[in-house]
Amino acid sequence: MSDTLHTLLTEDRSYEPTPEFRAQANVNDPEVYQRALSDPLDFWEGWARQLDWYEPWKKVLVWERPFAKWFVGGKINACHNCVDRHVARGLGDKVALIGEGEPNDVRSFTYAQVKDEVSRIANTLKSLGVSKGDRVCVYMPMIPELPMTMLACARIGAAHSVVFGGFSAESLHERINDAGAKVVVTADGGWRRGHVVELKRITDEALAKGCPTIEKVLVYERIGDATAYDKGHWDSSRDVRWSDVVPQQSVDCPCEPMDSEDLLYILYTSGSTGKPKGIMHSTGGYLTQTYATAQWVFDYKPDDVFWCTADCGWVTGHSYIVYGPMANGVTQVVYEGTPDTPDKDRFWRVIEKHGVTILYTAPTAIRTFMKWGDEYPDRCDLSSLRLLGSVGEPINPEAWVWYHETIGKQNCPIVDTWWQTETGAILISPLPGITSTKPGSATQPFPGIHAAVYNEIGDDVTPRHGALGFYNTAEGRQPDPNGREIGGILTIKEPWPSMLRGIWGDPERYYNVYWSRFNDAYFPGDGTKVDSDGYFWLLGRIDDVMLVSGHNISTMEVESALVDHVAVAEAAVIGKKHEIKGQGISAFVILRTGHTGSPELEKAIKDHVAMKIGAIARPDDLFFCAELPKTRSGKIMRRLLRDVAEGRALGDTTTLADPGVVANLKERYEHES
């Protein structure tokens, strides 16, 4: 982690909110931080009161570490608060969703139309046997029917489990079975870079592997080509065409009152053991915090057009396409395709066409846009933008400044946000009307969030401000002159409303992964530094989960897919620094006897990983080797492989069974790279 720490020491630029932005901001009083921290329960209760509840809560929080219950005894429905509440307030004619497909087709839905369509989908799910407490797997392209299907599940009290449309049949199969889903909602296909992603065919492959809990498959006709069905296996006893059932349903579908702690959704994220973790989020607390953070971080106004470029297959799409923005009654864009189809100006054309005012995207995308050059955004009128956001991984200062200058024209505050699938909502971010931002820093914890820095042995070493100035609480030592000497492991010391409620079917794993590292704090697995202004500088993962284009990919999962290839005997995978994706995947492979490394075999093995897991996990580099560096107990030293791949001086090799292995590996790697 030390190299990363030192690269951040050189950043000293700071950007103040303009007086005009500060004056109109939803929150412009810096005292909100102290008020929230002095009584966080009262702070969160104030937000919860802004939502509609069928029954009030009896207690704000019950905390029995590591399990939290928020707004205990309260009854609420997430879909009602995201849709019906706005229609009842007279906002039914306001546009909720602007769906732009990659082929340039555009469909818009008002909140009243969303209410009707969500009710039809919900009644369809009921007709297919779905009831309160069931799980529904959603495997769809990024079209308006995807968030509406999620809301339909919430409306009737069924938990949705959305699977990213780029995942393979094997990944889909694993997630369906782990959740015990009763129904899959999918599409005949979706558009990506001018080609059809055959989602129905992939679904058929997943079900053919054995999914005993699935009773029905509801198929939306996105492509509309009959041959899309022919390529798969249409099972008339199981498969149901959307057009045959949804339009005929009634728009009368009352929302199901849900206990605040009832399950809203399961979302799978990679784990260091290789098996994806089914992260569980409940209803009341999650909705409260996504509503609050969306309103304050993005500074929503009634005439804003918000665009979060994420997919609903990731948590960003759950929290900041569906629940947070729609609970606030925002108009937003949902885009199906990629930023380079038909040309590399597609994102900027979308902003120009729809008058987008707030853009929330990933550092991976920003770095890609930088690489493509200024000519593409300069073709378009981006003057509608007033706020920019970043999510998914730490953003390097150069990309931050390019985003600010080239896209924001130096007029748009940037909210660089840190959070996770597990946290449910933003935990660290600027408040754009208050915070002086620094390129590369997510700045400060959101009001009501108690973030801290721990060292390896569990001491709280967070820098504080006191009568004697800046000091370290654990050791009383002064920081270096740059004020960024205090670094370590990010922790969250107090429960927060949108926190995960566990791992589906595995409470022991929940404790072991997040709560066993420290006895008094949540362990998110990220490193951080805190400077003398109390600003957090996130440094990425400290474990063996790679952060590729903002998505967690388990080294173990990729290694398992590599070894699944007939030619591979053993494999080790590491995340290597990548200028666009943050981290790329480098694989070191030992071949079975009788197989010889070649460019053709390298491609075949990479393709095999993409088939087993999904294209996002395809290794960037694959290196054939005779041995891997292992400790005497047989553990692969990935740290040393990372040193090799990134060209650094080799670290400590004294614990290796054969110290000569890594030196030979380094020599060959440098020769062949």
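All of the numbers you see were taken from the coordinates with simple rules; none came from a lab. It should be emphasised that the depicted structure is a prediction, and the values quoted were computed from it without experimental measurement. No Cβ is skipped: glycine too gets one built from the backbone with ideal geometry, and neighbour counts run over all protein chains shown.
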Peptides 95-102, 134-141 ordered by average Cβ neighbours within 10 Å, highest first: 134-141, 95-102
Considering only DSSP beta bridges where both residues belong to the chain, give the percentage that are antiparallel (nearest 5). 65
Quick one: which residues, 5 or more positions from L264 or on another chain, have an amide H under 5 Å from its amide H? H modelled 1.01 Å from N in the peptide plane, none for Pro or chain starts. H281, S282, T283
Where the only charges are on Cβ atoms (+1 Lys, Arg; -1 Asp, Glu), what is the dipole of region 93-134 about its Cα centre, to the nearest 20 debye? 300
Using alpha-carbon pairs under 8 Å, 6+ residues apart, how would you state the relative contact order of the chain in percent? 13
Euclidean distance between Cα centres, region 234-259 to region 103-125, Å: 12
Amide H of L97 versus every other amide H placed in the peptide plane: which residues, excluding those fewer than 5 positions away on the same chain, fall under 5 Å? F109, Q332
In Hz, Karplus ³J(HN,Hα) per residue of region 149-155 (6.51, -1.76, 1.60; θ = phi - 60°; x = Gly, Pro): 5, 4, 5, 5, 4, 4, 4
Under-5 Å amide H pairs with D311, H placed in peptide plane, nonlocal only: G317
Among trypsin sites (Lys or Arg not before Pro) in region 232-320, those in a DSSP loop whose Cβ has at most 15 other Cβ atoms within 10 Å are R238
What is region 368-410 by shape, rounded, prolate or oblate, if you read a ≥ b ≥ c off the alpha carbon gyration tensor as root eigenvalues and call it rounded for a/c under 1.5, prolate for a/b larger than b/c, and oblate otherwise? oblate
Phi angles of region 116-121, converted by Karplus (6.51 cos²θ - 1.76 cosθ + 1.60, θ = phi - 60°) into ³J(HN,Hα) in whole Hz with x for Gly and Pro, give 5, 5, 4, 5, 5, 5
Per-peptide average of other Cβ atoms within 10 Å, ordering 33-46, 571-584 highest first: 571-584, 33-46
What does the helix-only formula give at 222 nm for the chain: each DSSP H stretch with n ≥ 4 adding -39500 (n - 2.57), the total divided by the residues, and the result rounded to the nearest 500 deg cm²/dmol? -7500 deg cm²/dmol
Wrap a convex hull around the Cα atoms of region 200-320, take a quarter of its surface area, and give that in square nanometres. 11.8
On a C-alpha basis, how far is the centre of region 415-449 from the centre of region 185-201 in Å? Whole number, if you could? 35
Residue-wise, which Karplus ³J(HN,Hα) couplings in Hz belong to region 258-266, taking 6.51 cos²θ - 1.76 cosθ + 1.60, θ = phi - 60°, and x for glycine or proline? 10, 4, 3, 9, 5, 5, 8, 7, 10
For region 88-243, what does the alpha-carbon gyration tensor say about shape, rounded, prolate or oblate, given a ≥ b ≥ c as the root eigenvalues, a/c under 1.5 as rounded, and a/b over b/c as prolate? oblate
Percent of alpha-carbon pairs separated by more than 20 Å within region 51-119: 50
